[in-house]
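The values are calculated or read from the model by the stated rules, or taken from the named source; none is laboratory data. Keep in mind that what you see is a predicted model, and the values were worked out from it rather than measured. As a convention, Cβ positions derive from the backbone with ideal geometry for all residues, glycine included, and neighbour counts pool all protein chains shown.
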């Protein structure tokens, strides 16, 4: 390890208060992102990917509460920063794009004004200067005829265009970190590829680190150097992409890989992962939240808390949250 | 915009035609004989028959309808049987009184309910949220005549800060030169501050009574719409961009929340216009509500027809105004219209 990571999340636990009791949405989530690095957080729906992103951004719903943990960004603990310090950094140091771009844009404000709002907030740009910068940003995300699009409302743009606008908005103040929460869900396949290429390209040219949140392992493999696998609010495995694909250590990762379509593999050969996520409201959640779906589970997995096993590797360390990790070769 | 207004007005014509027919038929179906009432209790059958002929009530219903249409085309609503005055003239003097009262009541309701609703949503679950709920529930559970009497008792009888509830102006002031028909506005336009104040003093209690009643739906709708807007994805995205709280609440959440509030405002307004009869009675306010009720009781059909038709026209205009406001707030509406 040379320089400290840009973003270091350590033992982050988040609980949601609900009518049916507290939901332990995240428990001891840890991972790190280096400057300019692109990582993926993968997992099925409800695994806590988005909650992790929202907790880092400090935009959890009021019902959600960070119980414990650290989120260091460039050496500053975001969880202990004041609200105004955080607001100053959001959108300028780290930014986020969302799953449903049309819903994430204010429906009754022109896209130019929305980008200008961010510029006014962080760079004190007003009027024509803000407008010019907004137009530059639209051009940067490859929107044709940006001057005219400045005055467009989100409903006048396609979903892909809205996501480009969202990216322009997020990158307007040159953040060092971009969190992309399922940025291509709901877009058609060609648009997906174009958006992912755009994010990758802008990330590289600006030296920006990217956290890609997705349920699509293939997409993660294609764009990210490192993959963090989440299941039921736990990080179950965190490894360099190549190693993770070659030799998954956590049974869940292995099953996820076996369930992922890839060229040369028949659809019938894909395996479904049995069962569902455990009820996170249970008071007696076992240390391994995957054990009910796991064919390797045993008594040690029921311990109230497990510690991740860390092994060094040439491309950075690997972590796995399993008492009986897989040691064999590819699944 | 003008084309839109024109189209909307044209689209309203069939409903207005429907109102013309239905009011005509309904007033003819009303129990009681207008001729007998008009002739008085001691009239002979011949006298009643004579009056019936004079009023045209001996003709067939279609013939009466044609006469009615002819009158409408000339801008006449006929004569009131009880007062003998043209209905049109009465409506022209009474409608502004009702409008002034309703507008003032609504203005008060909006001025209180919208900020309360916003605060209740921004601080959901706090004491201000609960206070808003209590105010809203109390406002809508108290009948207007009761609130009116209570206000009169407290502010006129006990505290003696309000003038007597005797109409639109006290006897010492003279009516301002009519421009809009709204006394406060007319007096201000004429530069007569004293009369404006006197008219305002008369207006305050009845407007407050109406306003307290209108508070509840507006405050609740504002709160609900604000909560929905604040919980929306674009507010989350705005927070993720670090926008200031004020900007998020006003520019992002409130402007979006205004749409359902505007709809409710239109509904409350039309409801108040018709429903302020009781307030008009308590405060001896010479509005159209009390006029219509008095006419209805004695089968005086011409004022009832005139009243219903005026209300229908007002509703059409009001809905048009709401739609125009909608178009200003929401860019998506222009495309659809």
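So that you can scan it fast, the table gives a plain yes or no per residue for (1) at pLDDT 90 or above; (2) under 21 Å from residue A:322 (Cα atoms):
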| site | (1), (2) |
| --- | --- |
| A:241 | yes, yes |
| A:252 | yes, yes |
| A:258 | no, yes |
| A:262 | no, no |
| A:270 | no, no |
| A:284 | no, yes |
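For the range B:272-284, state whether one or more residues are at positive phi and surrounded by fewer than 21 Cβ atoms within 10 Å (Cβ to Cβ). Walk me through how you get there before you give the answer.
First, pick out the residues of the range B:272-284 that are at positive phi: B:284.
Next cut, surrounded by fewer than 21 Cβ atoms within 10 Å (Cβ to Cβ) only: B:284.
The answer is yes, given that some residue of the range B:272-284 is at positive phi and surrounded by fewer than 21 Cβ atoms within 10 Å (Cβ to Cβ).
Given A:43, A:48, A:64, which one is touching a strand residue (DSSP E or B) at 6+ places or on another chain (Cβ under 9 Å) and closer than 26 Å to residue A:197 by Cβ?
Working: A:48 fails: closer than 26 Å to residue A:197 by Cβ; A:64 fails: closer than 26 Å to residue A:197 by Cβ.
Unique residue meeting the criteria: A:43.
Would you please list the contacts, defined by Cβ atoms under 6 Å and residues six or more apart or on different chains, that run from a residue in the range A:312-325 that is at pLDDT below 85 to a residue that is surrounded by 13 or more Cβ atoms within 10 Å (Cβ to Cβ) and not in a loop (DSSP other than H, G, I, E, B)?
So the pair list comes out as A:315/A:240; A:316/A:240.
I'd like to check something: does the range A:270-292 contain any residue that is part of a helix (DSSP H, G or I) and within 30 Å of residue A:189 (Cβ to Cβ)?
So in the range A:270-292, the residues part of a helix (DSSP H, G or I) come out as A:291-292.
After this cut, where a residue has to be within 30 Å of residue A:189 (Cβ to Cβ) as well, the list is none.
Scanning the range A:270-292, I find no residue that is part of a helix (DSSP H, G or I) and within 30 Å of residue A:189 (Cβ to Cβ), so the answer is no.
Restricting the search to the range B:49-63, which residues are more than 26 Å from residue B:311 (Cα to Cα), in a helix (DSSP H, G or I) and out of contact with any helix residue (DSSP H, G or I) (no Cβ under 7 Å at 6 or more places or on another chain)? Talk me through it step by step, then tell me what you get.
Narrowing the range B:49-63 to residues more than 26 Å from residue B:311 (Cα to Cα): B:49-54, B:58-60.
If we keep only those that are in a helix (DSSP H, G or I) too, we end up with B:49-54.
Matches in the range B:49-63: B:49, B:50, B:53, B:54.
From the list A:37, A:27, which one is buried (at least 20 other Cβ atoms within 10 Å of the Cβ) and within 14 Å of the chain's Cα centre (by Cα)? If you could, list the steps in order and put the result at the bottom.
Numbers: A:27 fails: within 14 Å of the chain's Cα centre (by Cα).
Only one candidate passes the filter, namely A:37.
Which residues, counting only those in the range A:63-102, are surrounded by fewer than 17 Cβ atoms within 10 Å (Cβ to Cβ) and facing chain B (nearest Cβ under 8 Å)?
The one that is surrounded by fewer than 17 Cβ atoms within 10 Å (Cβ to Cβ) and facing chain B (nearest Cβ under 8 Å): A:88.
Quick one: which helices (runs of 4 or more DSSP H) sit completely within the range B:116-230 and have at least 3 residues that are more than 18 Å from residue B:96 (Cβ to Cβ)?
Numbers: elements: B:127-141, B:144-151, B:183-189, B:193-230.
Ranges flagged: B:127-141, B:144-151, B:193-230.
Go through B:257, B:228, B:253, B:240 for me and flag whichever is modelled with pLDDT of 90 or more and touching a strand residue (DSSP E or B) at 6+ places or on another chain (Cβ under 6 Å).
Values: B:257 fails: touching a strand residue (DSSP E or B) at 6+ places or on another chain (Cβ under 6 Å); B:228 fails: touching a strand residue (DSSP E or B) at 6+ places or on another chain (Cβ under 6 Å); B:253 fails: touching a strand residue (DSSP E or B) at 6+ places or on another chain (Cβ under 6 Å).
None of the others qualify; the one that does is B:240.
If you scan the range B:252-270, which residues turn out to be within 7 Å of chain A (Cβ to nearest Cβ) and either out of contact with any helix residue (DSSP H, G or I) (no Cβ under 8 Å at 6 or more places or on another chain) or surrounded by fewer than 23 Cβ atoms within 10 Å (Cβ to Cβ) (or both)?
At the first step, the residues of the range B:252-270 found to be within 7 Å of chain A (Cβ to nearest Cβ) are B:252, B:255-256.
The answer is B:255, and nothing else.
Can you report the number of residues in the range B:315-325 which are in contact (Cβ under 8 Å) with a residue 60 or more places away in the chain and crowded, with 19+ Cβ neighbours inside 10 Å?
Residues that pass the stated criteria total 0.
Give the range A:151-163 a look and list any residue that's without any contact (Cβ under 8 Å) to a residue 60 or more places away in the chain and within 14 Å of chain B (Cβ to nearest Cβ), or say none.
Initial filter on the range A:151-163 (without any contact (Cβ under 8 Å) to a residue 60 or more places away in the chain): A:151-161.
Hits for the range A:151-163 are A:151, A:152, A:153, A:154, A:155, A:156, A:157, A:159.
In the range B:188-204, which residues are crowded, with 23+ Cβ neighbours inside 10 Å and over 12 Å from residue B:107 (Cβ atoms)?
Restricting attention to the range B:188-204, the residues satisfying the condition of being crowded, with 23+ Cβ neighbours inside 10 Å are B:199, B:202-203.
Residues satisfying the conditions are B:199, B:202.
A quick yes/no check of all residues on (1) over 30 Å from residue B:168 (Cα atoms); (2) in contact with a helix residue (DSSP H, G or I) (Cβ under 9 Å, 6 or more places away or on another chain):
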position: B:17; (1), (2): yes, no
position: B:47; (1), (2): yes, yes
position: B:65; (1), (2): yes, yes
position: B:78; (1), (2): no, yes
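From the residues in the range A:103-124 that are more than 9 Å from chain B (Cβ to nearest Cβ) and buried (at least 20 other Cβ atoms within 10 Å of the Cβ), which one is nearest to the chain's Cα centre (by Cα)?
Checking each candidate, the answer is A:115.
Just need a number here: residues in the range B:210-244 that are free of Cβ contacts under 8 Å to residues at least 12 places away in the same chain and either out of contact with any helix residue (DSSP H, G or I) (no Cβ under 8 Å at 6 or more places or on another chain) or away from chain A (no Cβ under 14 Å) (or both).
Within the range B:210-244, the first condition is being free of Cβ contacts under 8 Å to residues at least 12 places away in the same chain, and the residues that meet it are B:231, B:233, B:236-237, B:239-244.
Restricting the remaining residues to those that are either out of contact with any helix residue (DSSP H, G or I) (no Cβ under 8 Å at 6 or more places or on another chain) or away from chain A (no Cβ under 14 Å) (or both) gives B:231.
Selection size over the range B:210-244: 1.
Could you tell me which of the residues A:235, A:211, A:228 is under 30 Å from residue A:252 (Cβ atoms), out of contact with any helix residue (DSSP H, G or I) (no Cβ under 6 Å at 6 or more places or on another chain), surrounded by 23 or more Cβ atoms within 10 Å (Cβ to Cβ) and within 14 Å of another protein chain (Cβ to nearest Cβ)? Steps first, please.
Numbers: A:235 fails: within 14 Å of another protein chain (Cβ to nearest Cβ); A:228 fails: within 14 Å of another protein chain (Cβ to nearest Cβ).
Being under 30 Å from residue A:252 (Cβ atoms), out of contact with any helix residue (DSSP H, G or I) (no Cβ under 6 Å at 6 or more places or on another chain), surrounded by 23 or more Cβ atoms within 10 Å (Cβ to Cβ) and within 14 Å of another protein chain (Cβ to nearest Cβ) holds for just one of A:235, A:211, A:228, which is A:211.
If only one of B:291, B:326, B:315 is within 14 Å of chain A (Cβ to nearest Cβ), in contact with a helix residue (DSSP H, G or I) (Cβ under 7 Å, 6 or more places away or on another chain) and either assigned to a helix (DSSP H, G or I) or closer than 24 Å to residue B:262 by Cα (or both), which one is it? Let's see the steps before the verdict.
On the way: B:291 fails: within 14 Å of chain A (Cβ to nearest Cβ); B:315 fails: within 14 Å of chain A (Cβ to nearest Cβ).
Among B:291, B:326, B:315, only B:326 is within 14 Å of chain A (Cβ to nearest Cβ), in contact with a helix residue (DSSP H, G or I) (Cβ under 7 Å, 6 or more places away or on another chain) and either assigned to a helix (DSSP H, G or I) or closer than 24 Å to residue B:262 by Cα (or both).
Kindly evaluate residue A:140 against the criterion of being away from chain B (no Cβ under 13 Å), within 24 Å of residue A:211 (Cβ to Cβ), crowded, with 17+ Cβ neighbours inside 10 Å and touching a helix residue (DSSP H, G or I) at 6+ places or on another chain (Cβ under 8 Å). Steps first, please.
Values: away from chain B (no Cβ under 13 Å): yes; within 24 Å of residue A:211 (Cβ to Cβ): yes; crowded, with 17+ Cβ neighbours inside 10 Å: yes; touching a helix residue (DSSP H, G or I) at 6+ places or on another chain (Cβ under 8 Å): yes.
Spelling it out, residue A:140 is indeed away from chain B (no Cβ under 13 Å), within 24 Å of residue A:211 (Cβ to Cβ), crowded, with 17+ Cβ neighbours inside 10 Å and touching a helix residue (DSSP H, G or I) at 6+ places or on another chain (Cβ under 8 Å).
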